[in-house]
Amino acid sequence: MGFGLFLVGYMTLLLLKMVPIEIVGFFVMYLALDKLQNQEPSFKYAKYASIYMFLESALGAMLWLSQVTGSKMGFISEPYFVTVENILYHGGLLVFHLLLYMAIRNISQKVGYTKAVGRARFGAVAICIFYVAHICATFIPGGEIMMAPLGIYQILLMLFNLFILLGCYMMIVTDEMLEKEEKKYNEFLEKNKKFKKDKKEWAKKTIQNNANKGKNQKQTFKATRSGK
């Protein structure tokens, strides 16, 4: 449930802030990370980062609403605040991903899922390259020509992250999953036990009925002979 829930929340990042739904996504990811930290303690750091991103996404949603409606919301409506919000968002997102990669690497090493270990390390390097290139494109004259390729790079990186998470969901068994399977197994045993009990009672009743039937037939036979 932990990785599956996180996967659902992470999908909201694919919208790239075009619609302020990330606040919901980070809340869902927080719930997932809260479960995953029971399996691997290092997920708690990513959980703390998700709280920051939840608050930052709420701020971003207010900025988006201000721009769409044209309404004034104090300092949020100031022109410089767009730059400030972008720095807060991308800085937090970088830290969030690095902490997430670290936790995925740790839990994968623990369970022996070596493919995810390599993918997490690759993802950490790839996202650092993205942000270095993004900073260069922002501050270097003529760097805006890099924005379109960087947008494609970002989408591919997020799809790669979804691939990592899907692999963890399919390959890593969490405590919660074990508890569910154990519950199903116990329910099966309980049903099987009840079935055996019912079957035993049915056999006992059948033997008793046959015995009573035989006794009745014997009494009828004696009565018939006495009548003769």
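The values are calculated or read from the model by the stated rules, or taken from the named source; none is laboratory data. Predicted model only: the values in this text are computed from it and were never measured. Counting neighbours? That spans all protein chains shown, and the Cβs are built from the backbone with ideal geometry, glycine included. Protein only, heavy atoms only, side chains kept; ligands, DNA and RNA dropped before computing areas. Shrake-Rupley method; radii C 1.70, N 1.55, O 1.52, S 1.80 Å.
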statement: Other residues with Cβ under 12 Å from the Cβ of Phe6 give, with Lys and Arg +1 and Asp and Glu -1, a net charge of +1
statement: Neighbours of Leu166 by Cβ distance under 14 Å: Lys/Arg at +1, Asp/Glu at -1, summed charge +2
- request: Could you please report the charge total around Ser57, scoring K, R as +1 and D, E as -1 over all other residues with beta-carbon less than 13 angstrom from its beta-carbon?
  value: -2
message: Run the numbers for Ile87 and Leu166: contour at 0.36 nm per residue of separation, minus the present Cα-Cα distance, in nm.
response: 25.5 nm
query: Of the cross-linked pairs Lys17/Lys115; Lys47/Lys72; Lys17/Lys44; Lys47/Lys115, which ones have a Cα-Cα span greater than 28 Å in the structure shown?
result: Lys17/Lys115; Lys47/Lys72
- line: A chain fully extended from Leu65 to Phe139 at 0.36 nm per residue, minus the present Cα-Cα distance, gains in nm 23.9 nm
- prompt: Tell me, what ³J(HN,Hα) does each residue in segment 110-115 have, in order and in whole Hz, if you take phi through Karplus 6.51 cos²θ - 1.76 cosθ + 1.60 with θ = phi - 60° and put x for Gly and Pro?
  reply: 5, 9, x, 8, 5, 4
task: Along Cα→Cβ, 7 Å out, is where each label goes; now give me the distance between the ones at Met11 and Leu94 in nm to one decimal.
output: 3.0 nm
- request: Could you please state how large a percent of the accessible area of segment 55-136 is carbon and sulfur, counting protein chains only and using a 1.4 Å probe?
  value: 72 percent
Residue-normalised accessible area of segment 106-170, expressed per residue, 1.4 Å probe, Å²: 58 Å²
- prompt: So for segment 1-107, what are the equivalent ellipsoid semi-axes in whole Å, largest first, each being the square root of 5 times an eigenvalue of the Cα gyration tensor?
  reply: 29, 13, 10
- prompt: Each residue of segment 25-41 in order: what ³J(HN,Hα) in whole Hz does its phi give by Karplus 6.51 cos²θ - 1.76 cosθ + 1.60, θ = phi - 60°, with x for Gly and Pro?
  reply: x, 6, 5, 5, 5, 4, 4, 5, 5, 5, 6, 5, 5, 5, 8, 9, x
- prompt: Convex hull over the Cα atoms of segment 1-57, averaged projected area in nm²?
  reply: 3.4 nm²
- prompt: For segment 1-110, with the dipole built from +1 on Lys and Arg beta-carbon atoms and -1 on Asp and Glu ones, taken about the Cα centre, which of Ser57, Pro41, Val95 lies farthest toward the positive end?
  reply: Pro41
- prompt: Assuming a viscosity of 1.567 mPa s and a temperature of 4 °C, what translational diffusion coefficient in µm² per second does Stokes-Einstein assign to segment 97-166, Rh being the Kirkwood radius over Cα pairs?
  reply: 100 µm²/s
- request: Starting from the Cα of Tyr52, step 7 Å along the direction of its Cβ; do the same at Asn38; then give the gap between the two resulting points in nm.
  value: 2.7 nm
